[in-house]
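Rule-based calculations on the coordinates, nothing more; no lab input. This is a predicted model, so every value here is computed, not measured. When we count neighbours, we look across all protein chains shown, and the Cβ atoms used for this are built from the backbone with ideal geometry, even at glycine.
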């Protein structure tokens, strides 16, 4: 029984990190109606950045946050403005921006394989001061970096939610997601909003990357499983919904960790796909999605 | 058939020349390694053409076509290994299974925004791969998980779909490609084609004109998956060894989508052009840089994709056609004049 | 029996009542106008008839069949075709292609659809543009294309959603005879509009809606004189200072 509770809590911890990456994805989708397939690769870039920061400085891994998060923000910001924007502009009036979607998969392939060429396929672990430390709670044991990571991502999620609800930029972003034309009539500069949304989405990955580094492997395709999980999460929670993404992340984390108590890890992966297809069949708009989004 | 012959005579002439060249190619090329490369180019053109039914005409983006190719390959292979059933028969069974799978996925997702469909197909593609990697056997059927299946060798036998020379493979896949291209052509010039295009561009307007958009998309999906499944069997018989990483999973699915987008989705010749341009890139980089820079060909793919989408978002078919027009058609006969370009546009 | 009978149709959007117990009758062969200020609920009513979403309550009977809650494509197959206020051409396709999509409603054959489409395009004086890609058309041409596509489905009832919106006055004057001409071929027309003049000269009968409710119906001349209608369009003060 204790094992299950332990797995449940571990699921919530890991799930909130998944949730944060999914928040980034859903934020970009909400504004641009584009699924950023390169999202996992951006996480990978963030993880390599954090990894090298830790390796080169030898500092506490969380000191990487103020460096990596802004770095990733600008990475996303300029990726949108240099690569995606011109293609998006050409396809603005099209219902389904298929070209943009495929270009983000192109970026995915370029980034992942560049990393493969530069760093090689090996799995790297950053030995940091918190790595391997265990946190005990009522005879249950949790990895300390996981607990810290979950705490940080929760705070980030809540801050982001607040930011979108109350700040000026946040309101402009939400207005653009609701109605592009109306928002631009109100004087909101769309191109800038898209850049910022992409930047914020990528910054979420940067944050997740920093908290993952003390306890997770880094390798060139590390983004792929996170990417796929983020896709499952956003559909589960409803595309475009931030609370949905966080809740979806936690659900995925729980399925994965509790499932692992009963079956091999590869089967839990399959279980996730099963849940995903089930949601698509039963409630395709997800937990928080709009019903008429077709 | 009548419509086909009504095309501009110059276009017909060029197509006939091209076709003739393809048929006599094996007489010129004798190296089996080179033949293999040509076979793979045609196979990828075939895969991408099947993808085109959904990705090109129905206005949605399937990103998990390897699942259907894999279902085809595994079905015929497992049936042959276990019961000795001819892969030709297994091919049909595999195609039908793939079509069923496609319908099951399409039914809930083709009604939704394209993004859902793209995500669902990715998840299905990965789901099928993980499933196959996890299963050693089902009853008497050996799947062998990640290590895959080596097909029992027979001697040169048509019914076992195994040949000593590359030649039969070449002609079989060429015939399959031609059939799928003809199907594409007839579909485009039929009610289904018009309805698919309408539903792809403006689903709301299409519904107002009496079109049940999701139904036509589903038809396209079923056809596409069936044909992809057939291609899977061909792949299995060509390689005589299949394992999940080779024909299931993201890499193949994406490569198909990339070829389609670079060549020109929603056109008849786009997939062929795309395969013609990209396959050699991937073969050559693998041969020359394979050990040194393992991911190079994918970086090149990605870069080509980004650049092409930036300057020719409809793919390279249009610019290439214009180029060909300048180079050949005008020389073949000036009497056609501007009409030549007109019918060239109608042809796709 | 009327061709279209709408009885006490109500549409609520999460608490907001957009259409409130509206009843309407359209006889075969008529042109009927539905007018009202912006946000009065006329487009919502229109969408209920066309099947874009189901009414919350009430019945819509077309040609003896209940169509409330049916899907747009089912309603179209029964003989009711709509146009969109914001035109939605299949942008990358030619005018002829667009119109053929409509014409396929009654045939499977390509040449038959082409013949029908050409006939409709000639009728709407759009024949010379048949090979033009629709995204390069002017707005009045796009509106005509919208009509052509709808007509090609051979509807008994044509629902026009603000076909004049966005047109210049001279272009409106060009559009009016076209709509009349369509009506003369036996197609019944319901037209939603907020340009009063246009609709006055076209319609035999007019329904006025405001705040989701029907506030007047009848002959165009009677309707303009109606006190409630003046209030709805111009505000209260105009009722007393009229003379």
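Computed on alpha carbon atoms, what radius of gyration and Dmax characterise segment A:2-225, expressed in Å?
Considering segment A:2-225 through its Cα atoms, Rg and Dmax are 18.4, 59 Å.
Please order B:311, A:138 by the number of other Cβ within 10 Å, starting at the fewest.
Neighbour counts put them in this order, fewest first: A:138, B:311.
So if the hydrodynamic radius of chain C is defined as the Kirkwood radius over C-alpha pairs, what does Stokes-Einstein give as its diffusion coefficient at 20 °C and 1.002 mPa s, in µm² per second?
116
7 Å from Cα along Cα→Cβ at both residue A:265 and residue C:230: what's the point-to-point distance in nm?
Using points 7 Å along Cα→Cβ, the separation is 8.1 nm.
From the Cα trace of segment B:32-313, what convex hull volume per residue do you get, rounded to a whole Å³?
126
Label points 7 Å out from Cα along the Cβ direction at residue A:161 and residue B:137: separation in nm?
In this crude spin-label approximation the distance works out to 5.2 nm.
What shape does segment A:165-254 take by its C-alpha gyration tensor, where a ≥ b ≥ c are the square roots of the eigenvalues and a/c under 1.5 counts as rounded, a/b above b/c as prolate, and the rest as oblate?
Prolate, because a/c is 1.5 or more and a/b exceeds b/c.
What percent antiparallel are the DSSP beta bridges of chain C, to the nearest 5?
Once the DSSP bridges in chain C are tallied, antiparallel ones form about 55 percent.
Based on alpha-carbon positions alone, could you give the equivalent ellipsoid semi-axes of segment C:80-154 from the gyration tensor, as √(5λ), descending, whole Å?
Three semi-axes, in Å: 17, 13, 11.
Based on the alpha-carbon gyration tensor of segment C:29-169 and its eigenvalue square roots a ≥ b ≥ c, which shape applies: rounded if a/c is under 1.5, prolate if not and a/b is larger than b/c, or oblate?
oblate
For segment A:184-221 and segment C:177-223, compute the distance between their C-alpha centroids and round to whole Å.
53
Using the 10 angstrom Cβ neighbour count as an exposure proxy, how do C:188, A:268, B:121, B:82 rank, fewest first?
B:82, A:268, C:188, B:121
Using all C-alpha to C-alpha distances in the protein assembly as shown, build P(r) with 10 Å bins and read off the rounded percent in each one.
2, 11, 19, 22, 19, 14, 8, 3, 1, 0, 0
Normalised radius of gyration for segment B:130-223, please: alpha carbon Rg relative to 2.2 N^0.38 Å, two decimal places.
1.70
Given the Cα-Cα distance of residue B:171 and residue B:25 and 0.36 nm per residue of separation, how much length would full extension add, in nm?
51.5 nm
Mind jotting down the distance between the C-alpha centroids of segment B:46-101 and segment A:118-159, whole Å?
Using only Cα atoms, the two centres lie 43 Å from each other.
Taking a spot 7 Å from the Cα of residue C:204 along the direction of its beta carbon, which residues of segment C:150-169 have an amide N less than 19 Å from it?
Under cut-off, by backbone N: C:155-160.
Please report the base-10 log of the normalised intensity I(q)/I(0) for segment A:211-291, using a Debye sum with one equal scatterer per alpha carbon and no solvent, at each q in 0.25 (1/Å).
The calculated log intensity ratios at q = 0.25 Å⁻¹ are -1.21.
Taking R0 as 35 Å, what's the FRET efficiency between residue A:278 and residue A:179 from their Cβ-Cβ distance, rounded to 0.05?
It comes out at approximately 0.60.
Please report the antiparallel percentage of the DSSP beta bridges confined to the protein assembly as shown, to the nearest 5.
Once the DSSP bridges in the protein assembly as shown are tallied, antiparallel ones form about 65 percent.
Going by C-beta contacts inside 10 Å, put B:113, B:217, C:149 in order with the fewest on the left.
B:113, B:217, C:149
How far apart, in nm, are two points set 7 Å out from the Cα along the Cα-to-Cβ line at residue B:322 and at residue C:115?
3.8
Does segment A:112-229 come out rounded, prolate or oblate, given a ≥ b ≥ c as the square roots of the eigenvalues of its C-alpha gyration tensor, rounded meaning a/c under 1.5 and, failing that, prolate meaning a/b above b/c?
Cα axes put segment A:112-229 in the oblate bin.
Provide the FRET efficiency to the nearest 0.05 for the residue C:211-residue B:307 pair, computing r from the beta carbons and using R0 = 60 Å.
For R0 = 60 Å, the calculated efficiency reads 0.60.
Add -39500 (n - 2.57) for each DSSP H run of 4 or more in chain A, then divide by its residues: what number comes out at 222 nm, to the nearest 500 deg cm²/dmol?
-23500 deg cm²/dmol
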